[in-house]
1. Yes or no: region A:50-71 includes at least one residue that is surrounded by fewer than 17 Cβ atoms within 10 Å (Cβ to Cβ), of a type in the set (V, I, T) and more than 23 Å from A:A184 (Cβ to Cβ).
2. Has region A:153-160 got at least one residue that is modelled with pLDDT of 95 or more and open to solvent by 30 Å² or more (accessible area, probe 1.4 Å)?
3. Looking at (1) open to solvent by less than 20 Å² (accessible area, probe 1.4 Å); (2) assigned to a helix (DSSP H, G or I); (3) closer than 30 Å to A:A12 by Cβ, which is the only condition A:M103 fails?
4. Of the conditions (1) surrounded by fewer than 18 Cβ atoms within 10 Å (Cβ to Cβ); (2) farther than 21 Å from A:P323 by Cβ; (3) touching a residue at least 60 places away in the same chain (Cβ under 8 Å), A:G384 satisfies every one except a single condition; which number is it?
5. Restricting to region A:338-375, what's the tally of residues that are under 19 Å from A:A222 (Cβ atoms) and open to solvent by 30 Å² or more (accessible area, probe 1.4 Å)?
6. Does at least one position in region A:77-85 carry a residue that is within 14 Å of chain B (Cβ to nearest Cβ), part of a helix (DSSP H, G or I) and either surrounded by fewer than 19 Cβ atoms within 10 Å (Cβ to Cβ) or out of contact with any strand residue (DSSP E or B) (no Cβ under 7 Å at 6 or more places or on another chain) (or both)?
7. Of (1) in a loop (DSSP other than H, G, I, E, B); (2) within 28 Å of A:L113 (Cβ to Cβ); (3) of a type in the set (S, T, N, Q), A:Q63 satisfies all except one. Which?
Amino acid sequence: MADALDPAGAHAVIRPEAVRFISYAYEWSFGQLRDAALLTLEAQDAALAAGFTLRDASAYNVQFHGGRPILIDSLSFERATPGAPWIGYRQFCEHFLAPLALMAHRDVRCGLLLRDFLDGIPLDLAARLLPRRTLLDVGLASHIHAHARAQRRHAGSAASAARGPTMSPLRHAALIDSLRRTVARLRWEPAGTEWADYADHTSYDDAAARSKDELVRRYLEAAGGEIVWDLGANTGRHSAVAGRLGREVVAWDVDPAATERHYRAVRRDGLTNVLPLLVDLGNPSPGLGWAHEERRSFLDRADADTVIALALVHHLAISRNVPLPMLADLFARLAPNLIVEFVPKADPMVQRLLATRQDVFPDYTLEGFRTALGERFEVLEEAGIEGSERTILRLRRR
Amino acid sequence: MAYVLAYIDPGSGSLIIQAVVATVVAVPFFLRHQIARFVRVIRRRDDVSVADEPTNGTRSR
């Protein structure tokens, strides 16, 4: 045992860096899944050139670390058998190509299918859900439509795998090239979802927005700690404030367009310590797979020092009917420090939420909010946001 | 094709379609690479002939 661990006798020593936060493909925006797919193909290409191959192509082998996707499963590489096909081909199509094609050509929300289909989206299902025009894309016609038909025709016939031509290095390279071109052609522009233009339509003027940024920055500094979870991060304005303070930020939002914009912004600005992810706080990622333990739940991964929840409470309390004490419970389970914004009923954004429904929220007042939080937290400081009736509170868990 | 004992189920239909698709896309892939190589060779030849031209002691590159 000691010999096996002696670096002097090793050909190479791999010293893995711990990934800060484990996220899953059903929590990624379109661009994140696309980048992860391209990374997997790049890895397979490099492996082939060195006489190796990836023995699987799981989306769960990719994680976001330091602002970019990385392959975390070193043991996926094995020596290639000359002439053998790529074993990971089917998995690549099910984990990456099918969801990306559905998101780009049908609806971006199809990405959430990955939550139900943990082994990837079955290709027969993808073929049925994709619009017929995808038959005109030679890549999708081959790797999804014809692929699904071949699976159906050869279901259960183990012997047929022995037929067919040898996969020469040229064929391998051409296959990866074809998959890469197919993925590269898949595009989705963030627009048309509920929140896509939200940042442009908020009720803040510039001065109020800057006053809010400054307040958030000051409260974050006062709260200390290293890890920040930004709930309802939208396109990441305040995640960036935390990011610039050097905090490790996990930025959650329910909207695929906002998350996509946020992801593009952090890549563009090189904010390597901010990770945008998708989650519906009303129905967050559960524990999935065997005994609920293969993929951990949202709450199970909570490790933040500070939660910031700005312009979020009214959406959960009014649109989602979440009672304020239950909201306080959730915050208390996530982190010891909380920076939260309260938007009163008089605010135009809340007026909009109440316009089409009965006001059954008598406790939805700043005083009621303080009382609800008081069970779990102690208010350390609070301040009004200039030019609005909104308040930001900084609290510590009791 | 070599007999396959895989870590995950490669799927017999998937193996067959992979071989078919790879064979088909190998043709344009091969041609593209040959053309790219040809273009590179031509360019290099042009570069060399430009560099070989007599200059007045100044070279732009």
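The values are calculated or read from the model by the stated rules, or taken from the named source; none is laboratory data. None of the values given here were measured: they were computed from a predicted structure. Here Cβ is always computed from backbone atoms with ideal geometry, including for glycine, and neighbour counts include all displayed protein chains. Areas reflect the complete protein model, heavy atoms only, side chains present, ligands, DNA and RNA absent. Shrake-Rupley method; radii C 1.70, N 1.55, O 1.52, S 1.80 Å.
1. Checked against the condition, which is being surrounded by fewer than 17 Cβ atoms within 10 Å (Cβ to Cβ), of a type in the set (V, I, T) and more than 23 Å from A:A184 (Cβ to Cβ), region A:50-71 yields no hits at all.
2. There is no residue in region A:153-160 that is modelled with pLDDT of 95 or more and open to solvent by 30 Å² or more (accessible area, probe 1.4 Å).
3. So A:M103 meets the others, but not (3).
4. Here A:G384 meets the rest and fails (3).
5. Here the count works out to 1.
6. no
7. Result: A:Q63 fails condition (1) only.
Listed here are the residues, each with its yes/no results for (1) assigned by TED's automatic domain parsing to the domain that holds A:P256; (2) open to solvent by less than 40 Å² (accessible area, probe 1.4 Å); (3) touching a residue at least 40 places away in the same chain (Cβ under 8 Å).
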| residue | (1), (2), (3) |
| --- | --- |
| A:L112 | no, no, yes |
| A:L125 | no, no, no |
| A:P131 | no, yes, no |
| A:L140 | no, yes, yes |
| A:A146 | no, yes, no |
